[in-house]
Amino acid sequence: MTSAAAVLALTALLSAVVNLDVAVMVAMPVSLRAAWRQHLPAGRLAIAVAMTANAASFLLPTSNITNLLLLRRLSLPALTYVSQSWLPWLLVMTVTLAPLACWVGNASTGEAHPVTARPSLRALTDLMPTFLIASGVRTLLGAGLVLHGSFARQLGEGTALASMANNLPAAAAIVPDTRGAFWAAILATTIGPNLLITGSVATLICRRIAREGGARLSALRLSAIGLLLVPAQLAAATLGLHLAGALP
């Protein structure tokens, strides 16, 4: 369990401080090597890395391209953003790292371990369709999509949109008109994609690297874990935003 926790902590830091897509390109090969050496289930660890990377990618404006897309539509200084994001981020990581590390570390491995684990440039090809879809969505919607209702409703609708249509097109479409709507969109496009394997380009990159390393990242298993974990992540983030004064 210690090895799994270390890999996931590295993933979280890379995603938060550097960038989501860079994080999975680095963390996935590391996780596959760790699975091979520590006799961990590589498929589970690949899922845990993908889910951790997505959920950790809202700490800084630059952690995820979706954050930058949404910030263009609401004027929020970077320091203000971080002052409101750090506590929710810590709470989300608390409810993410421990359960996933236990899920990976306490499992008996019944799958083949990867023989090779190298970053794959072919994984970058997963980015192109999503960028094209995002451009198309922005063109079709024109002024964009404004989510209405309570914070919980906006969070739920944004999460459904991000997980089903992919988070990048969702971020390109959503136009937050209030501070609460902005944070609902941020959480929906970073945490929400953990419900489906197609919800995030980073998850697709993880799947490709896992496949090329000899591991299987199961879409059904990812969604099953996501259904359990995402509500807790969103609840922790919402609590953190309230405590940080970002929400009334």
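What whole-number value in cubic angstrom gives the convex hull volume per residue for the C-alpha atoms of segment 142-182? Don't skip to the end; give the middle numbers.
On the way: hull volume 2.3 nm³, N = 41.
That works out to 57 Å³ per residue.
Taking only Cα atoms and a 10 Å spring cutoff, compute GNM fluctuations for the chain and point out the largest among Val201, Val18, Val49.
Its mean-square fluctuation being the largest, the pick is Val18.
The list [x] 0.95; [y] 1.17; [z] 1.01 gives values of Cα Rg over 2.2 N^0.38 Å, and only one came from this structure; which label was calculated from it?
After the calculation, the listed value that fits is [x].
No solvent, one uniform scatterer per C-alpha: report log10 I(q)/I(0) for segment 34-77 via the Debye equation at q = 0.16, 0.24, 0.29, 0.32 1/Å, two decimals.
Normalising to I(0) and taking log10 leaves -0.56, -0.80, -0.95, -1.04.
For a quick check, take a GNM of the chain with Cα springs below 10 Å and name the residue from Ser75, Ser85, Ser57 with the largest mean-square fluctuation.
Most flexible of the set in this elastic network: Ser75.
In vacuo Debye scattering of segment 187-248, one point per C-alpha: log10 I(q)/I(0) at q = 0.17, 0.28 Å⁻¹?
-0.63, -1.11
Full extension from Ala232 to Arg153: what is 0.36 nm times the residue separation minus their Cα-Cα distance, to one decimal in nm? Spell out each step's value before the answer.
Working: separation 79, 0.36 × 79 = 28.44 nm, distance 1.59 nm.
Here the segment from Ala232 to Arg153 would lengthen by 26.8 nm.
If you build the Cα gyration tensor of segment 3-113 and take the root of 5 times each eigenvalue, what three semi-axes come out, in whole angstrom, biggest first?
Numbers: eigenvalues 177, 35, 16 Å².
With the √(5λ) rule applied to segment 3-113, the semi-axes are 30, 13, 9 Å.
Over the chain, with a Gaussian network built from C-alpha contacts below 10 Å, which listed residue (Ala48, Ala171, Ala224) shows the highest mean-square fluctuation?
With Cα springs under 10 Å in the chain, the top fluctuation among Ala48, Ala171, Ala224 is at Ala224.
Just how large is the dipole of the chain about the Cα centre, in debye to the nearest 20, putting +1 at every Lys and Arg Cβ and -1 at every Asp and Glu Cβ? Walk me through the numbers on the way to the answer.
Values: 15 positive and 6 negative charges, 72 e Å.
Magnitude of the dipole: close to 340 debye.
None of the figures in this text is laboratory data; all of them are computed from the coordinates on show. For clarity, every value in this text was computed on a predicted model and none was experimentally measured. In this analysis, Cβ positions are derived from the backbone assuming ideal geometry, glycine residues included, and neighbour counts consider all displayed protein chains.
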